[in-house]
1. For chain B, list the DSSP H helices whose alpha carbon atoms reach 20 Å or more along the long axis and whose average Kyte-Doolittle value is -0.5 or above?
2. Taking the Cα centre of segment B:231-304 as origin, work out the dipole magnitude from +1 charges on Lys and Arg Cβ and -1 charges on Asp and Glu Cβ, in debye rounded to 20.
3. Could you pull the copy-to-copy label distances for A:Glu248, with points set 7 Å along Cα to Cβ, in nm to one decimal and sorted shortest first?
4. Taking a ≥ b ≥ c as the square roots of the Cα gyration tensor eigenvalues, with a/c under 1.5 meaning rounded and otherwise prolate when a/b beats b/c, else oblate, which class fits segment A:58-172?
5. Relative contact order for chain B: what is it in percent, counting Cα pairs under 8 Å that are at least 6 residues apart?
6. Please give every one of the aspartates and glutamates within straight-line cross-link reach of B:Lys295, meaning a C-alpha to C-alpha distance under 13 Å, and leave out same-chain neighbours fewer than 8 residues apart.
7. With the label 7 angstrom out along Cα to Cβ, how close does B:Thr154 come to the same site in each of the other copies, in nm, nearest first?
8. Specify which residue in the list B:Ser290, A:Gly169, A:Pro103 is farthest towards the positive end of the charge dipole of the protein assembly as shown, using unit charges on the beta carbon of Lys, Arg (+1) and Asp, Glu (-1), about the Cα centre.
There are 2 protein chains.
Amino acid sequence: MNRPRLLTSADQAVLPLLIGIDLGGTNIKIGLLDEQGTVLADLAVPTEVSEGPAKGVRRMAAGIDLVLAQAKCSRRDVARIGLATPGSMDIPAGQLLHPHNLPGWFNFPIRDALSKAAQLPVTFANDASAAAYGEFWQGTGRQYHSMILLTLGTGVGGGIIIGDVNIVGEQGAAAECGHVVIDTRDDARVCPCGGLGHLEAYAGATAVVTRTQEALDAGRRSSLTDQLAGGETLTPRLIAQEAEVGDELSWEIIETTARYLGAGIITLIHVINPSGVVLGGAMTFGGAGSTLGQKFLACVIDEVQTRGLKVTTRDLRIEFASLGGDAGYIGAAGLARLDYLKQSFQTPRVEQ
Amino acid sequence: MNRPRLLTSADQAVLPLLIGIDLGGTNIKIGLLDEQGTVLADLAVPTEVSEGPAKGVRRMAAGIDLVLAQAKCSRRDVARIGLATPGSMDIPAGQLLHPHNLPGWFNFPIRDALSKAAQLPVTFANDASAAAYGEFWQGTGRQYHSMILLTLGTGVGGGIIIGDVNIVGEQGAAAECGHVVIDTRDDARVCPCGGLGHLEAYAGATAVVTRTQEALDAGRRSSLTDQLAGGETLTPRLIAQEAEVGDELSWEIIETTARYLGAGIITLIHVINPSGVVLGGAMTFGGAGSTLGQKFLACVIDEVQTRGLKVTTRDLRIEFASLGGDAGYIGAAGLARLDYLKQSFQTPRVEQ
């Protein structure tokens, strides 16, 4: 499972630093990392989407100066910036296309704008790919040779890394793990993307809430009914809370979600045959630190082990992500590091 | 869609030849190719599985001498052999494990045995991967940057190539395209591998025959009934024949098969986002040269275009394979060429 490191420790002393940026609809996370992936400084600034992309880029550049000041470094110490943004995007062109989370930032040439503002070269990546690379480089996937990340949130996103290579696809749309088909019936659930029977239509947070509401509407008894009558909103968090105090329907919903995820994971591992699958995002029902999260994970693993091809499941690891909301900027910095190393191997590197 | 060639024409003059071998349960196909992929000579010898692997390897070595003699070449003109075999196999170890089609050849170290017998280095590959690389290098996928091959036969196999890299997986079990899950119902069809709801359980030749028999047993009227009463066996070929003369059930079965394949392809392109998907194998209902085959392909394309994510389907090509049964040995030679080129780039190459 161990993979060769790209550089020996002797090389690391001469390598400059990296900036990772994860641009979200609410916050911009910025981190300063060394070549080994250690975070030297980080911060989050509000995105203020409504102010538009030009001001957003200026805010990123100011944020870069702040993290550098925190670590008592200057821009000259930095080799490269990695910028992760939500899709849709045109990676070769360095452009945002129509990111749902960034209304008003459509068709903006963000890579070159940031490069100009910060006076540094920029590696541009999808945020899910960056998070996958972050977990692969510094998180749960540290010991993997290849990895699939599933991010469980409102939707289901993902990233695929094979031997330090980020699988991006011809239009930058590979690893759309929420859009594997798990049901071909004509009455299969409709995905937010319009597709029929996609994993996201069953295992995204929106789908989990819908399935629960349907069960309640059909007359299923549940302590959720009292919570909702008391003014609570139906969310995966509320479902997790009620499952923890023994509500049968709530646990059933979580278990079925695990089963759907298992079906999607089986398909993914039969296509990629990776070292491991990592589950990240907000909707992990408590995650690694909770009994419920561990029970949820055990159901996912059981589904995959019971129904997957043995050759692909025998040595497979399925684990929770470990970097939380930092995976995106750490991975963006990691992808920038790869681009920097590629350049360094192409032209003789001058020792400083 | 064009991809850079690895070598310029100036390099080609000095490059030696390649041998490609496709080991099947019935025949061993052997070809001699130049670096550009032109087949200089080829032949097929019977595998004679029952005589065991040691004799099989001697038969391969003798076959190599025959193709060399056909082309008036010697072993010194050959850089490397590419050997494609059916799974299961351990690629890093160069061993057959338990190939269903080769009973008695279990756990045999075939790569080194062939290398010793032929006195040439051997690149070892799965036959579906090799066929995929063959179509990518010299067939339908010539202009693609990345490709998925689906081989439609008794089962559904596959191969994935991304930018000249063959995706093999951690245990050599990537691209098990027949084992993407397309139905998660508890009463989903059981795959020959034991899994529930896999594509192969719906769209493999065995499944197509089963689905047809079920419809006949349920009392569906069809000209197939007369054919079967007349002593014919129910096969995809017979179903195609009856569909061609207007049998409604036969066409319905083919159309549904196309729809199932479409569901599997949607999942695959949402994971890989390739330039193209190529359909090969025996069960293409007539393939490129027939009206029925084209109608079948049109249904697959319609299903994918209607239900796939637009970003992944917009520029996607879905086409029939063009190398037929030669794809395996051509691809094996192509993979051997890649290994030879890798070596050549690692050590200075001496001009001859």
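1. Values: long enough: B:53-70 (25 Å, 0.41); B:248-272 (35 Å, 0.88); B:291-307 (24 Å, 0.20); B:327-346 (28 Å, 0.12).
Answer set is B:53-70, B:248-272, B:291-307, B:327-346.
2. On the way: 3 positive and 9 negative charges, 73 e Å.
That gives segment B:231-304 a dipole magnitude of about 340 debye.
3. 4.6
4. Values: a/c = 1.88, a/b = 1.22, b/c = 1.54.
Here segment A:58-172 falls in the oblate category.
5. On the way: 698 pairs, mean separation 71.1, N = 352.
Relative contact order for chain B comes out at 20 percent.
6. Candidates past the 8-residue exclusion: B:Glu244, B:Glu252, B:Glu255, B:Glu303, B:Glu319.
7. Going from nearest to farthest copy, the values are 5.0 nm.
8. The residue sitting most towards the positive pole is A:Gly169.
Taken together, the values in this text are just the output of simple stated rules run on the coordinates, not laboratory data. Note that the coordinates shown come from a computational prediction; the quantities given were computed from them, not determined experimentally. Note: ideal-geometry Cβ built from the backbone for every residue, glycine included; neighbour counts use all protein chains shown.
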